[in-house]
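Below is one structure, written out as structure tokens; the observations come after it.
The values are calculated or read from the model by the stated rules, or taken from the named source; none is laboratory data. Keep in mind that this is a model prediction, so the values were computed, not measured. Every residue, glycine among them, receives a Cβ derived from its backbone with ideal geometry; neighbour counts consider all protein chains shown.
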Amino acid sequence: MSHVIQFLEALARDTRPLGATGYSEAVAAFDGPARDALLARDPAAIATALGLPSTYACAIATPDHDEPARDDQPADGEEETPASPEAYAA
Amino acid sequence: MTSDAAPRGSLACVGLGMMLGAHLGPRARSHLEQADVVFVAASDPLVELWVQQMRPDARSLQPFYAEGTSRRGTYRRMVAAMLEEVRTGHRVCGAFYGHPGVFARVPHDAIAAARQAGYEACMEPGISAEDCLYADLGLDPGRVGCQHYEATQFLLYRRRIDPSAWLVLWQVGIVGDRSCTRFSTSPAHRQLLVDRLGEDYPAAHEVIAYEAATLPITAPRIERLPLRALAGAELHMHSTLVVPPALEMPRDEAMHARIEALEARLAAHP
């Protein structure tokens, strides 16, 4: 379990202002790259310090919900068909 | 409270909200904690790690993504992975960043598929990027109205924009990607969007690049720029374009007159 994540969760759930000094003092409890990344308030650096990728893909929508564009081809070679509930039925 | 019914597969798609630790509702948390199998689609690796603190066995949907692979197929595979566990008889929770039903194909498709196959399926709302946008920008969608479109869909279809209302375009960082295979598109793609918006807005019209904060130690990105500069702006997969109204709401004098006449008739013959 990551203490950095616990720290961030605690900050997120407490609306009392910590102030710059209080934040620096709280962050001083961490070591090395995690401390530096937290001080810089740099999410990508925090992720890297924890051994995580710096960014994630996050799109979960398509421009054509019910049917794929007619003239595009899937890059991974699979046949594109509209998703339907039946497609996932056992 | 427990049920005496035999164990049977079910699906709950829940929203994690946008900010780590701040937006998870009690019902969503309960589904996360009680499910046999948890899948997680987070917008941020730190948010995913936070979910994995609650559920160390949570399965990330992130490996399903690959640049160059159509997201349509990616989404089908995500749905299939969740449905496979439902069919096995497990209580499955799909935890999605933001709201699982807002600009989110996978949860809707998964719930429809589960119900089609006779399983119980539900959605628990979460705090979406749209909700954060209203709070961060001080924007009330009820004041003059607000239109929302997926950015590429907005380009590919002729839509009637009302420039007297707000316009919000989602996934603007991948605008113009018909193939759904890219994690970003080029300034030339964005210029097409500038050209399209230029049909209804002046080039100097101020627009806003918006990104909700996902950590309590960062601020949301609220970058104001003229429309003409949008093509060169730094945009990400999670960036949203907000276009403020350019016109006053046009008053419909004919409708005002009809209502006045109606009310006069009702007053004369109550």
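Of all residue pairs spaced 6 or more apart or on separate chains, those with beta-carbon atoms under 6 Å, a first member in the range B:41-60 that is of a type in the set (Phe, Trp, Tyr) and a second member that is surrounded by 23 or more Cβ atoms within 10 Å (Cβ to Cβ) are B:50/B:20. Can you name every residue in the range B:170-224 that is over 14 Å from residue A:63 (Cβ atoms) and within 12 Å of chain A (Cβ to nearest Cβ)? Scanning the range B:170-224 gives B:183, B:184, B:211, B:212, B:213, B:214, B:215, B:216, B:217, B:218, B:219, B:221. One residue stands out among those in the range B:230-270 that are touching a helix residue (DSSP H, G or I) at 6+ places or on another chain (Cβ under 9 Å) and of a type in the set (Gly, Ala, Ser): the one that is surrounded by the fewest Cβ atoms within 10 Å (Cβ to Cβ), which is B:232.
Restricting attention to the range B:212-245, report how many residues are outside any loop (DSSP other than H, G, I, E, B) and more than 20 Å from the chain's Cα centre (by Cα).
Step one: of the range B:212-245, the residues outside any loop (DSSP other than H, G, I, E, B) are B:221-232, B:240-243.
Retained after the next criterion (residues that are more than 20 Å from the chain's Cα centre (by Cα)): B:224-232.
Result for the range B:212-245: 9.
Taking the numbered list (1) in a helix (DSSP H, G or I); (2) at pLDDT 95 or above in turn, residue B:72 passes all entries but (2). Residue B:203 passes every criterion in (1) at pLDDT 95 or above; (2) out of contact with any strand residue (DSSP E or B) (no Cβ under 9 Å at 6 or more places or on another chain); (3) of a type in the set (Gly, Ala, Ser) apart from (2). The single condition from (1) without any contact (Cβ under 8 Å) to a residue 40 or more places away in the chain; (2) over 25 Å from residue B:115 (Cβ atoms); (3) of a type in the set (Gly, Ala, Ser) that residue B:68 fails is (1). When only residues in the range A:1-24 that are among the hydrophobic types (A, V, I, L, M, F, W, C) and assigned to a helix (DSSP H, G or I) count, which is surrounded by the fewest Cβ atoms within 10 Å (Cβ to Cβ)? Among those that are among the hydrophobic types (A, V, I, L, M, F, W, C) and assigned to a helix (DSSP H, G or I), it is A:20. Residue-level check: of (1) crowded, with 20+ Cβ neighbours inside 10 Å; (2) in contact (Cβ under 8 Å) with a residue 40 or more places away in the chain; (3) in a strand (DSSP E or B), residue B:207 misses just (2).
For the range B:86-104, how many residues meet the condition of being surrounded by fewer than 22 Cβ atoms within 10 Å (Cβ to Cβ) and either more than 9 Å from every other protein chain (Cβ to nearest Cβ) or closer than 27 Å to residue B:131 by Cα (or both)? Let's see the steps before the verdict.
Filtering the range B:86-104 down to residues surrounded by fewer than 22 Cβ atoms within 10 Å (Cβ to Cβ) leaves B:87-91, B:101-103.
Then keep just the ones that are either more than 9 Å from every other protein chain (Cβ to nearest Cβ) or closer than 27 Å to residue B:131 by Cα (or both); that gives B:88-91, B:101-103.
Going through the range B:86-104 one residue at a time, the tally reaches 7.
This table checks each residue for (1) charged (D, E, K, R); (2) in contact (Cβ under 8 Å) with a residue 24 or more places away in the chain; (3) more than 9 Å from chain A (Cβ to nearest Cβ).
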residue: B:106; (1), (2), (3): no, yes, no
residue: B:112; (1), (2), (3): no, no, no
residue: B:115; (1), (2), (3): yes, no, no
residue: B:126; (1), (2), (3): no, yes, yes
residue: B:130; (1), (2), (3): yes, yes, yes
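Residue-by-condition table, conditions (1) in the same structural domain as residue B:186 (by TED's automatic domain parsing); (2) modelled with pLDDT under 95; (3) of a type in the set (A, V, I, L, M); (4) under 19 Å from residue B:208 (Cα atoms):
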residue	(1), (2), (3), (4)
B:105	no, yes, no, no
B:114	no, no, yes, no
B:121	no, no, yes, no
B:134	yes, no, no, yes
B:140	yes, no, no, yes
B:146	yes, no, no, yes
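A residue that is hydroxyl-bearing (Ser, Thr, Tyr) and in contact with a Gly (Cβ under 7 Å, 6 or more places away or on another chain) can be found somewhere in the range B:141-156. Please work out which residue is surrounded by the fewest Cβ atoms within 10 Å (Cβ to Cβ), limiting yourself to the range B:46-60 and to residues that are more than 9 Å from chain A (Cβ to nearest Cβ) and hydrophobic (A, V, I, L, M, F, W, C). Only one residue fits best here, namely B:54.
Counting only helices (runs of 4 or more DSSP H) wholly contained in the range B:119-199, the ones carrying 2 or more residues that are surrounded by fewer than 21 Cβ atoms within 10 Å (Cβ to Cβ) and under 14 Å from the mean Cα position of the chain (by Cα) occupy B:129-137.
Residue B:76 - would you say it is within 7 Å of chain A (Cβ to nearest Cβ), touching a Pro at 6+ places or on another chain (Cβ under 8 Å), of a type outside the set (Asp, Glu) and within 24 Å of residue A:62 (Cβ to Cβ)?
Details: within 7 Å of chain A (Cβ to nearest Cβ): yes; touching a Pro at 6+ places or on another chain (Cβ under 8 Å): no; of a type outside the set (Asp, Glu): yes; within 24 Å of residue A:62 (Cβ to Cβ): yes.
It is false that residue B:76 is within 7 Å of chain A (Cβ to nearest Cβ), touching a Pro at 6+ places or on another chain (Cβ under 8 Å), of a type outside the set (Asp, Glu) and within 24 Å of residue A:62 (Cβ to Cβ).
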